[in-house]
């Protein structure tokens with residue numbers, strides 16, 4: 001049966017597939033979408049300056065008085081450097097990526113109580129590429145890429161003059177690509193056989209929801225809370241095995257299945273309009289990553305080729321804490337800054353080189369310009385890392401020092417009808 005949505009999803013996802021994803025992320029989560037949002041990295045939920053409210057806080061859509069469309073692109077640089085206990089070094093490759101986003105808000109018409117929004121974003125992603133012939137040999141994939149695209153139709157209404165509510169349906173499509181060298185000489189017990197490769201490719205979809213509430217406590221103070229439900233994605237695709245020697249019990253291609261649970265996220269926020277020009281906000285998030293305890297792999301007839309049909313992960317629940325400020329310099333220009341501290345959910349005992357990360361701070365600055373119906377925003381964010389030393393990994397080959405570098409540059413264009 002023809003699915004008219006599939007070509008559109010493939011088109012939207014192709015942006016992420018071109019460059020990969022992963023920088024300033026915790027677990028699977030990508031950075032928040034949009035330059036105005038990233039300029040206020042640590043506080044974006046109580047007060048949302050543009051149509052990115054669709055994903056930041058759907059309850060705030062009811063605040064908008066005119067239709068708005070917003071397109072955004074985030075250009076990122078993310079690199080990991082590994083140093084083994086013996087001093088050998090390895091640096092990840094292909095550090096650049098881009099994340100697009102698109103938003104639409106239709107405010108309520110006269111005598112109507114409902115606002116409508118639509119967001120298209122890439123909320124989850126991770127991409128890591130190592131040299132094919134690297135220090136870790138056959139013990140880990142040399143390439144891992146998780147990409148996603150999400151469509152979020154959204155509704156918002158005002159209960160009374162102080163309370164507004166929002167709801168979004170999160171329609172997620174995701175692709176998973178894993179590539180690893182395979183030691184045929186070791187597997188077949190025949191020295192000298194050339195190496196092969198195992199190439200995993202799968203895709204899947206899932207549905208979740210976001211619930212939001214904003215309370216205008218006083219004329220210049222707001223409290224807000226959002227809840228994003230977990231999304232289960234069952235990936236189905238193929239495992240391709242190359243350079244199979246004669247007589248080896250393997251098929252050139254088999255079915256491949258796995259499942260990933262993307263986390264529940266609970267966020268609370270407080271914002272205060274200190275003066276007509278100065279806005280301050282603080283956000284706290286709790287992310288339930290502990291549901292991701294292991295990654296089960298089913299490769300059909302080729303499952304015996306896998307070192308294990310289950311990879312332990314044992315990720316942990318984590319918190320983020322942030323602060324932000326924006327200052328309305330004049331009617332056209334606004335300046336923004338923010339800071340957020342991200343705890344990593346990845347324990348040292350199960351961390352893989354392709355999932356390497358650490359607790360980090362993120363500092364951002366940004367500016368926005370609006371004239372008549374046009375709006376342009378810019379932001380820059382930098383990750384603040386201290387490095388991570390691993391000494392208790394279940395695979396001793398992964399012990400060592402991991403250092404990171406990450407930068408984000410974002411640009412928005414918005415049009416108000």
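The values are calculated or read from the model by the stated rules, or taken from the named source; none is laboratory data. Fair warning: this is a prediction, and the values are worked out from it, not measured in the lab. Cβ sites come from the backbone with ideal geometry, for glycine too, and all protein chains shown count toward neighbours.
Give me the residue from segment 287-299 that is assigned to a strand (DSSP E or B) and touching a residue at least 24 places away in the same chain (Cβ under 8 Å) and, out of that set, surrounded by the fewest Cβ atoms within 10 Å (Cβ to Cβ). Across segment 287-299, the extreme among qualifying residues is 296. In the set 334, 365, 340, only one residue is surrounded by 21 or more Cβ atoms within 10 Å (Cβ to Cβ), modelled with pLDDT of 95 or more and under 21 Å from the mean Cα position of the chain (by Cα); that residue is 340. Listed by position, the helices (runs of 4 or more DSSP H) inside segment 1-101 whose residues that are modelled with pLDDT of 90 or more number at least 3 are 35-39, 53-56.
Would a scan of segment 269-286 turn up a residue that is in contact with a helix residue (DSSP H, G or I) (Cβ under 7 Å, 6 or more places away or on another chain) and in contact (Cβ under 8 Å) with a residue 12 or more places away in the chain? The answer is no, given that none of the residues of segment 269-286 is in contact with a helix residue (DSSP H, G or I) (Cβ under 7 Å, 6 or more places away or on another chain) and in contact (Cβ under 8 Å) with a residue 12 or more places away in the chain.
Filter segment 54-110 for residues that are out of contact with any strand residue (DSSP E or B) (no Cβ under 7 Å at 6 or more places or on another chain) and more than 17 Å from residue 412 (Cβ to Cβ); which is surrounded by the fewest Cβ atoms within 10 Å (Cβ to Cβ)? Here the answer is 110. Apart from one condition, residue 137 fits all of (1) under 24 Å from the mean Cα position of the chain (by Cα); (2) touching a residue at least 24 places away in the same chain (Cβ under 8 Å); (3) within 26 Å of residue 356 (Cβ to Cβ); the exception is (1). Of 135, 165, all but one fail to be touching a strand residue (DSSP E or B) at 6+ places or on another chain (Cβ under 8 Å) and over 29 Å from residue 87 (Cα atoms); the exception is 165.
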